[in-house]
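Report on the following structure.
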Ligand SMILES: [Zn+2]
């Protein structure tokens with residue numbers, strides 16, 4: 001019997017290719033060919049092998065080509081007030097600005113308008129994957145998922161659960177919250193999305209009763225879902241959690257009690273600014289992902305997470321924009337904020353940990369966070385082919401610069417204007433301009 005050979009779908013980009021080998025080292029391949037076969041990285045070549053001849057080549061000239069960035073923590077409904085409302089600490093900020101805004105997503109017309117803007121701007125950014133919070137509203141969450149699916153971005157989206165300490169209109173009755181979540185999961189399943197998946201999203205312990213978390217733990221097992229939430233962000237919040245759950249050993253212990261803190265349940269926790277030794281140990285044991293959100297931590301005056309330590313101890317760490325406590329979906333800004341924050345921490349708080357390097361923040365934004373989505377965030381063979389083409393010619397300079405120097409400057413200066421092309425799982429989302 002002859003075997004049926006299906007011809008592989010090949011895509012080739014040429015340019016200055018940069019990715020993280022590990023948290024301390026960049027791999028830089030100047031004027032090289034990056035080859036994608038059937039949505040996966042085939043390899044990087046200085047000279048194109050004979051077997052690949054005849055395939056079209058997208059020549060990106062002197063542009064940089066990097067792996068797509070992963071935003072591990074962003075709130076879609078808060079995108080509408082990004083860059084505003086920066087004058088309060090976390091708990092007051094939630095009451096004064098966030099909850100009133102999130103209440104509007106009961107209105108489908110508003111949700112449709114707001115989520116169109118969010119999805120469109122995320123598409124233009126350097127982000128290819130994201131973990132996204134919606135609101136408690138099931139219909140609006142479906143609108144968000146439909147819109148994100150159309151962009152081609154790979155996202156995990158969560159209908160938020162809250163059944164205490166929330167204003168009327170955002171506070172669900174416990175069993176209703178669980179029932180709505182299950183209806184939502186069935187609805188998602190019937191949509192047959194290619195790029196968009198559900199993620200369980202208890203907002204944080206202060207707004208979720210034990211019974212709600214227990215029910216979400218049951219749904220997690222039934223549907224084998226990942227979980228996202230917040231953890232040890234702010235000192236008042238941590239005190240509040242110990243009052244609400246006096247039986248818990250520490251904040252993260254609450255999630256763990258209900259089976260939604262790593263292990264069998266992939267979990268990403270935003271912030272971990274003030275995690276105790278016990279909490280850090282449990283996160284290590286369970287392989288919990290940390291979404292470091294440096295700008296948010298500064299804006300709502302939470303503090304500076306010991307992210308250098310987390311990296312040095314081999315924990316799973318990525319970056320989050322945390323819009324709207326963070327002002328922008330531009331993840332280069334998050335990288336720059338992470339470096340700056342770590343310098344202040346080193347100077348003011350703990351001299352034993354050196355500031356973060358460019359290599360480390362680039363690693364977190366690509367490979368570190370990308371790992372939450374599997375083999376993602378690198379150009380090593382076999383990784384999913386998510387790539388972003390960066391044209392930094394706007395940032396002109398009189399002197400010669402190495403590719404590493406250009407990457408460093410992009411981290412400090414770039415925004416979506418540098419993003420010239422974007423590829424996810426081998427598909428071209430867009431490529432602006434001419435073929436050089
Ligand atoms: Zn958040």
**Q.** Selection count, region 69-81, where residues are within 14 Å of residue 132 (Cβ to Cβ) and either surrounded by fewer than 24 Cβ atoms within 10 Å (Cβ to Cβ) or within 13 Å of the ligand (Cβ to nearest atom) (or both)
**A.** 9
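Table: residues versus (1) away from the ligand (no atom under 16 Å from the Cβ); (2) within 25 Å of residue 350 (Cβ to Cβ); (3) modelled with pLDDT of 95 or more.
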| site | (1), (2), (3) |
| --- | --- |
| 228 | no, no, yes |
| 231 | no, yes, yes |
| 254 | yes, no, yes |
| 259 | yes, no, yes |
| 266 | yes, no, yes |
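Scan region 128-139 for residues that are within 15 Å of the chain's Cα centre (by Cα) and within 16 Å of the ligand (Cβ to nearest atom) and jot them down. If you could, list the steps in order and put the result at the bottom.
Narrowing region 128-139 to residues within 15 Å of the chain's Cα centre (by Cα): 128-134.
Result: 130, 131, 132, 133, 134.
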Q: Would you confirm whether any residue within region 285-299 is more than 16 Å from the ligand (Cβ to nearest atom) and touching a helix residue (DSSP H, G or I) at 6+ places or on another chain (Cβ under 6 Å)?
A: no
Q | Search result, residues across region 193-225 that are closer than 22 Å to residue 374 by Cα and within 16 Å of the ligand (Cβ to nearest atom) | A | 199, 200, 201
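Quick check on residue 371: is it within 15 Å of the chain's Cα centre (by Cα) and more than 16 Å from the ligand (Cβ to nearest atom)?
Values: within 15 Å of the chain's Cα centre (by Cα): yes; more than 16 Å from the ligand (Cβ to nearest atom): yes.
Judged against the criteria, residue 371 is a match.
Taking region 205-249, which residues are on the phi > 0 side of the Ramachandran plot and crowded, with 21+ Cβ neighbours inside 10 Å?
First, the residues of region 205-249 that are on the phi > 0 side of the Ramachandran plot: 224, 232.
Answer for region 205-249, where residues must be on the phi > 0 side of the Ramachandran plot and crowded, with 21+ Cβ neighbours inside 10 Å: just 232.
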Q. Mind checking which residues of region 257-270 are without any contact (Cβ under 8 Å) to a residue 60 or more places away in the chain and either closer than 18 Å to residue 293 by Cα or touching a helix residue (DSSP H, G or I) at 6+ places or on another chain (Cβ under 6 Å) (or both)?
A. 258, 259, 261, 262, 263, 265, 267, 269
Q.
Need the failing condition index for residue 374 against (1) without any contact (Cβ under 8 Å) to a residue 40 or more places away in the chain; (2) out of contact with any strand residue (DSSP E or B) (no Cβ under 9 Å at 6 or more places or on another chain), just the number.
A. (2)
Q) What residue, among those in region 102-118 that are touching a helix residue (DSSP H, G or I) at 6+ places or on another chain (Cβ under 6 Å) and in contact (Cβ under 8 Å) with a residue 40 or more places away in the chain, is nearest to residue 391 (Cα to Cα)? A) 118
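Taking region 380-405, which residues are within 24 Å of residue 336 (Cα to Cα) and surrounded by 19 or more Cβ atoms within 10 Å (Cβ to Cβ)?
Across region 380-405, the qualifying residues are 386, 387, 388, 389, 390, 391, 392.
Can you find even one residue in region 18-28 that is surrounded by fewer than 21 Cβ atoms within 10 Å (Cβ to Cβ) and not in a strand (DSSP E or B)?
Here is the first cut: in region 18-28, the ones surrounded by fewer than 21 Cβ atoms within 10 Å (Cβ to Cβ) are 21-28.
Among the residues that remain, those that are also not in a strand (DSSP E or B) are: 23-24.
Checked region 18-28: at least one residue is surrounded by fewer than 21 Cβ atoms within 10 Å (Cβ to Cβ) and not in a strand (DSSP E or B).
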Q) When residue 177 is evaluated against the numbered criteria (1) in contact with a helix residue (DSSP H, G or I) (Cβ under 8 Å, 6 or more places away or on another chain); (2) within 30 Å of residue 350 (Cβ to Cβ), which criterion, by number, is the only one it fails? A) (2)
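The values are calculated or read from the model by the stated rules, or taken from the named source; none is laboratory data. Nothing here was measured: the structure is a model prediction, and the numbers come from that model. Ideal geometry is used to build each Cβ from the backbone, glycine not excepted, and the neighbour counts take in all protein chains shown.
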